[in-house]
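K.L.:
Got a structure here, written out as structure tokens. Questions coming.
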Amino acid sequence: MELLKLHHDFIAEHHRKGTPFIIFQGGRRSGKTVSILQFLYLESLTHPATRTLIVTDTYARLKESIFQDLIMINRSAGGDGRRMRIHFTGGTRVLFETGSEFAFVYAGRDVRGYASNFTYIFFNECIQYDARTVREALKAAGPGCQVFFDYNPYTRFWLNDLYEREDNKLITTYHNNPFLSDFVRRELDNMAERGKDAAPGTMERYLYEVECRGIDSTLSGLCLPHHRTIADEDYHLSPLPEILACDWGALHATADPDVICGFRFDTNVIYAHEYYYSRHGGDEEMAAVLRSIPFCHQYLVYDTATEGADRVRSLFARTHLRFHFSPARKGAGSVLTGIRNLQPYEICVTASSRHFLEELENYRFVQKGDTLQPSDNWNHCCDALRYAFDLWTMLPRTVKK
């Protein structure tokens, strides 16, 4: 079996050191997935009873990518149907003659039905998953389990902050794959030629950086990458004035949640706290939350969607608190402009603000047509932040003190 030497040596070094998380980042056709599967295949044959869990985002990727690579690896190693067998009944599995096993699970599916104590876990194309999915799957890890991630760097995301260390990531390109077909190599060479001198911010430059060079593009990344967690009391004891912001979605049974967040703004830092986040609540619940917040003549900025003015009247009638109610300014381009204005700030979010922290780990730029735009998901607390920041910039200096 012909091994990709760069990848193989990298895995061997970190396997010897017992590195818990091993990350493969790279461009298209750089051999990331095949290299990891080669290692897992050889481990399953040379170490009896090895147990591996492979996470994919869809059955189609499992069938068209993972299985095809495994069949190719088995054939190139001179194996036959006795050495490695794929089973589709009783849960999709790959069984080896040594008693080793590959089990599979799809991203987002509850993994508690799977036995634990896996020797290896492999998250294929892990950029397709959120951090919560990964945390749940990691519960199946056994003692000393090694975890593999591979992905194309279409965006910098939760993995980089949670699992990347000083030397546990290998970045590769199609040039590191000597077994690439001439057709694919010519296709990527042409893409590189078009994109290497393209202007920053164009799609040609983006594809060149991500698919040809395998690096984080200047266009890619989390929408609000500079964030950290703080203790709740650091927020509540702050002397900075507070702006409350609502993002509404649950009225009339839409799929989006109702959100109330509080924000305190400093020169280079924004402090944030999630007061309310629910898809099943309503105005009465939100009014109770507002009544529980120490009232210091706060401004409350609200989303004008889902009959915003009616909801303001409803909340006022239930709270009798004379907030300075202000509708959020919205319009063409306001989302992207708001994100760009917020990006220089460090966002300090309280530890109890679970949904807000989860959004910041996943709210990112995605490809829409020929451009990259902020995702329509993981953005409800972030939208509230945009509304509050926009209002804060317009308030008189005396109010901000």
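The values are calculated or read from the model by the stated rules, or taken from the named source; none is laboratory data. Predicted, not measured: the structure shown is a model, and the values here were computed from it. Counting neighbours? That spans all protein chains shown, and the Cβs are built from the backbone with ideal geometry, glycine included. Calculation scope for accessible area: heavy atoms of the full protein, side chains included, ligands and nucleic acids excluded. Shrake-Rupley method; radii C 1.70, N 1.55, O 1.52, S 1.80 Å.
K.L.:
When residues of the stretch 1-33 are filtered for being in contact with a Cys (Cβ under 8 Å, 6 or more places away or on another chain) and among the polar types (S, T, N, Q), how many remain?
P.N.:
The total comes to 0.
K.L.:
A further question follows. Taking the stretch 166-177 as the search range and keeping residues that are crowded, with 21+ Cβ neighbours inside 10 Å and of a type in the set (Ser, Thr, Tyr), which one is nearest to PHE365 (Cα to Cα)?
P.N.:
THR172
K.L.:
Hey, another quick one. Looking at the stretch 362-401, which of its residues are more than 18 Å from the chain's Cα centre (by Cα), at pLDDT 75 or above and of a type in the set (Ser, Thr, Tyr)?
P.N.:
TYR387, THR393
K.L.:
Shifting gears a bit: Any residue in the stretch 257-273 that's under 12 Å from ASP383 (Cα atoms) and in contact (Cβ under 8 Å) with a residue 40 or more places away in the chain: show its pairings with residues that are among the acidic types (Asp, Glu) and assigned to a strand (DSSP E or B) at Cβ separation under 6 Å, as long as the two are six or more apart or on different chains.
P.N.:
Close Cβ pairs (under 6 Å, with a partner that is among the acidic types (Asp, Glu) and assigned to a strand (DSSP E or B)) amount to VAL259/ASP247; CYS261/GLU274.
K.L.:
Quick check on the stretch 48-61. Is at least one of its residues of a type in the set (Lys, Arg), within 21 Å of THR172 (Cα to Cα) and touching a residue at least 24 places away in the same chain (Cβ under 8 Å)? Don't jump to the end; show me each part of the working.
P.N.:
Step one: of the stretch 48-61, the residues of a type in the set (Lys, Arg) are 51, 61.
Cutting the leftovers down to within 21 Å of THR172 (Cα to Cα) gives us none.
No; the residues of the stretch 48-61 include none that is of a type in the set (Lys, Arg), within 21 Å of THR172 (Cα to Cα) and touching a residue at least 24 places away in the same chain (Cβ under 8 Å).
K.L.:
Quick one: in the stretch 142-165, which of the residues that are aliphatic (A, V, I, L, M) and open to solvent by less than 10 Å² (accessible area, probe 1.4 Å) is modelled with the lowest pLDDT?
P.N.:
So the residue we want is LEU159.
K.L.:
Within the stretch 316-347, which residues are over 16 Å from TYR363 (Cα atoms), basic (Lys, Arg) and part of a helix (DSSP H, G or I)?
P.N.:
Listed by number, the list holds a single entry, ARG318.
K.L.:
While we're here: So, in the stretch 256-308, of the ones that are within 16 Å of THR319 (Cβ to Cβ) and of a type in the set (S, T, N, Q), which residue ends up surrounded by the most Cβ atoms within 10 Å (Cβ to Cβ)?
P.N.:
GLN298
K.L.:
Could you tell me which residue of the stretch 344-361 is modelled with the lowest pLDDT, considering only residues that are among the charged types (D, E, K, R) and open to solvent by 10 Å² or more (accessible area, probe 1.4 Å)?
P.N.:
Taking the candidates together, the pick is GLU361.
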